[in-house]
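Just so it is clear, none of the values below were taken in a lab; they were calculated from the coordinates. Here the structure is a predicted model, which means the values were calculated and not measured. Backbone-built Cβ (ideal geometry, glycine too); neighbour counts: all protein chains shown.
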Amino acid sequence: MEPLIRVRGLSKRFGPGCDRCLDSTGPEHDTNVCPHCDSVTACSDLSFDLFPDEALGIVGESGSGKSTLVRLLHFEWEASGGSMELHRGGAAALWPEIFADQDQFSANLLTMSQFQKRQIRNALMGIVYQNPHLGLRMQVSSGGNIAERLLGAGWRNIAGMRERAAELLERTEIPVRRMDEPPCNFSGGMQQRVQIAKALSNKPLILLLDEVTTGLDLSVQARVLDLIRNLRREFKLSMLVVSHDLGVVNLLCQRTMVLKSGRVVEEGLTDQILQDPQHRYTQLLVASQL
Amino acid sequence: MITVDNLSKNFLLHILGEKRIEACRAVSFRVPPGGFLGLSGPSGTGKSTVLKCLYRTYLPTGGAIRYDSAAWGPVDLATLPDRAVIDLRHREMGYVSQFLKVIPRVSALDVVMEPILTRNGVSREAARQRATRLLEQLRIPRHLFDAYPATFSGGEQQRVNIARAVSWKPRLLLLDEPTASLDRGSVEIVLDILKEMRGEGTTMIGIFHDTALLESVTDSVYSIC
Ligand SMILES: Nc1ncnc2c1ncn2[C@@H]1O[C@H](COP(=O)(O)OP(=O)(O)OP(=O)(O)O)[C@@H](O)[C@H]1O
Ligand SMILES: [Mg+2]
Ligand SMILES: [Zn+2]
C-alpha cells in the first residue's frame, strides 16, 4: 500500500543558525539549543510515511519537537527544510496542477503558495490542539465555530452547515441544544469534543492530534480517547497522535515514532517500542511510565 | 510453514549501565502447515521471548524466521518492515498471552467481536453470533457479556482472551501459557477449541506449563535449555 503522505528531511530552526548547529544539538547533547549561536533546532531531518487509515504515534518529552512537527505539517510555520508530498490517489482530481505527469507523489507542499497551502489544508486536514483556545473561538457559538470551518472548506448553504454542525456535535456527544452556546461555557472535556467536531467537519483525510487529552481529568481523558478510537474506526482517516503519554499511543496507534531533542531516536511497532525499546532515551521513557 | 533458524535475542539495557541480557540463543525449529509445536524448558530460558520474536513484539538480534505467508509468500519475520508485520498480524497471525491486554471500557462481547468484524468481513449479526457461541462454549456467564473484562476474575479474563484470539480464525496462532490460570474443566474446553482450529488447518506454536498437557496437545516439542 502507498502512503497518503510522505515526509522527508523535515527541519525547523529558530534563529540565524551556524554550521555547527546540527553537530552540537540532538539526543547525544541532550539539547536543541546550539551553544555557538543560540539558535534552536526544534526538529531536524524527520522522515516518515503516513498511510491511509493509520494512526501513527509521536512520543517524546516536552521540547522534543512534537508540536513543531504538527505546526509544520499544518502549514502554520515555515519549515527550514524538507518536504511533504501527497499521494496522487484522490488528491490528483482536486489539484491536478501539483502532480507532474506520471509521478505518484505531488510536488513539495511545504514550498507552495500560501493560497495553495490553505486550499490543501482546508480540504485535507483537521487539527485538535492541547489548548482549546488555539482551536476554537471561545466567544463564538459552537455551531458557529464549525460553520466557520465549513466556510473555509467552501460550503455556502447556511441550513446545510447548521445540519452538519448538529450532526457532528451529536457524534461527539455534545447535546445539540447547546450548539448555540460558546465553548467558554463548556468544561475542558467538552471543549476538546467541540474541537474534534470542528476538525472532522470538512471530512479530512488527515487528523492531527496534539496532546488532546493532556491536562484533562482521568475520567474525561478516557471519554475523549474512546471517542477518538470510535471515530477512527468509523471515518477511516489517518491520524498523527502526538502525546507524551505512552498509554495514549498504546491505545490508539500501531506504529510509534520517538522524538528527543528534535530528532527521531527510534520508530517501530508500538508494542515493540513499549516492550523492547532500543534507544537509551526510549528505555528511560518506558521505565519512567511503568 | 515456519522455519526458525538460529534465532537469538539479547537485551541491551542502556539505563542499567549497558547491562546485556541473553534471553535466547541458537533456537532452530520448523513447523509444517497445520502442525502444533510445543516449546518447553525451565523458567527463564526464553520460551516467551521466542514467541514474542515471532510476533515481532521483540526485535530479534540474530537469525531468521521464515514464514510462508498467505498474503505475501515467504517472508523473514525477523527483518520484515513494520508495516508488513502489521498487515500480517491483521490478516493471519494471532497471539495469545497469559494475560488479557484489556482494552479499557469495551464489553466482553465487543472484545471478542472486534477482530471478527475488522478481519472477516462478516455482518455485525454474524460476528455477534460467533462471539456469543465462543463465550458460551468457554462458560462465561451470560450476565458478563456486556460487562468490562477489567473487573473479571483471572480465569474469566483469560477465557475472554482466548475467545478473542481464536474468534477470527488466524492462520498461525502463537500461544503463551493460554491455560495457566484455568481450572481443569476450562482447560478441557480450551483444548477442544484448539483441536477444532487445527481441524480447520491453523498452525500453532504454544507454551504450556503442564508437561502432560504439552505432550497431549502438540505433535512435536522443542526444548529450550
Ligand atoms: N523485555 C525484556 N527486557 C529485558 N529482559 C527481558 C525481557 N524479556 C525477557 N527478558 C529476560 O530474558 C530471559 C528469558 O525470559 P522469558 O520470559 O523468555 O523466559 P520464559 O522461558 O518464558 O520463562 P517462564 O517459563 O518463567 O515464563 C529472562 O532472563 C528475562 O528476564
Ligand atoms: Mg514465559
Ligand atoms: Zn549554531
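Some points to look at:
- Exactly one residue out of A:GLY143, A:GLY126 is crowded, with 20+ Cβ neighbours inside 10 Å, among the small types (Gly, Ala, Ser) and either in contact with an Asp or Glu (Cβ under 9 Å, 6 or more places away or on another chain) or closer than 27 Å to A:THR41 by Cβ (or both), and it is A:GLY143.
- Residues of region A:222-271 satisfying the condition of being farther than 25 Å from A:GLY9 by Cα and without any contact (Cβ under 8 Å) to a residue 24 or more places away in the chain: A:ALA222, A:ASP226, A:ARG229, A:ASN230, A:ARG233, A:GLU234, A:ASP271
- Residue list for region A:179-202, restricted to those being assigned to a helix (DSSP H, G or I) and free of Cβ contacts under 8 Å to residues at least 40 places away in the same chain: A:ASN185, A:GLY189, A:MET190, A:ARG193
Residue by residue, here is whether (1) in contact (Cβ under 8 Å) with a residue 24 or more places away in the chain; (2) within 14 Å of another protein chain (Cβ to nearest Cβ); (3) under 30 Å from A:GLY90 (Cβ atoms) holds:
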site: A:PRO3; (1), (2), (3): yes, yes, yes
site: A:HIS29; (1), (2), (3): yes, no, no
site: A:CYS37; (1), (2), (3): no, no, no
site: A:ALA42; (1), (2), (3): yes, no, no
site: A:LEU50; (1), (2), (3): yes, yes, yes
site: A:GLU54; (1), (2), (3): yes, yes, yes
site: A:GLY63; (1), (2), (3): yes, no, no
site: A:LYS66; (1), (2), (3): yes, no, yes
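- Residue in region B:27-50 that is more than 11 Å from ligand 1 (Cβ to nearest atom), in contact with a helix residue (DSSP H, G or I) (Cβ under 8 Å, 6 or more places away or on another chain) and within 26 Å of B:PRO81 (Cβ to Cβ) present: no
- Flag if A:ASP103 is assigned to a strand (DSSP E or B), among the acidic types (Asp, Glu) and more than 16 Å from ligand 3 (Cβ to nearest atom): no
- Counting only residues that are more than 13 Å from every other protein chain (Cβ to nearest Cβ), part of a strand (DSSP E or B) and of a type in the set (Val, Ile, Thr), region B:10-61 holds 2 of them.
- Scope region A:239-267; condition within 13 Å of chain B (Cβ to nearest Cβ) and touching a strand residue (DSSP E or B) at 6+ places or on another chain (Cβ under 7 Å); matching residues: A:VAL248, A:LEU252, A:CYS253, A:GLN254, A:ARG255, A:THR256, A:MET257, A:VAL265, A:GLU266, A:GLU267
- Applying the condition of being surrounded by fewer than 16 Cβ atoms within 10 Å (Cβ to Cβ) and either within 16 Å of ligand 2 (Cβ to nearest atom) or not charged (D, E, K, R) (or both) to region B:85-106 and asking which residue is farthest from B:TRP168 (Cα to Cα) yields B:PRO104.
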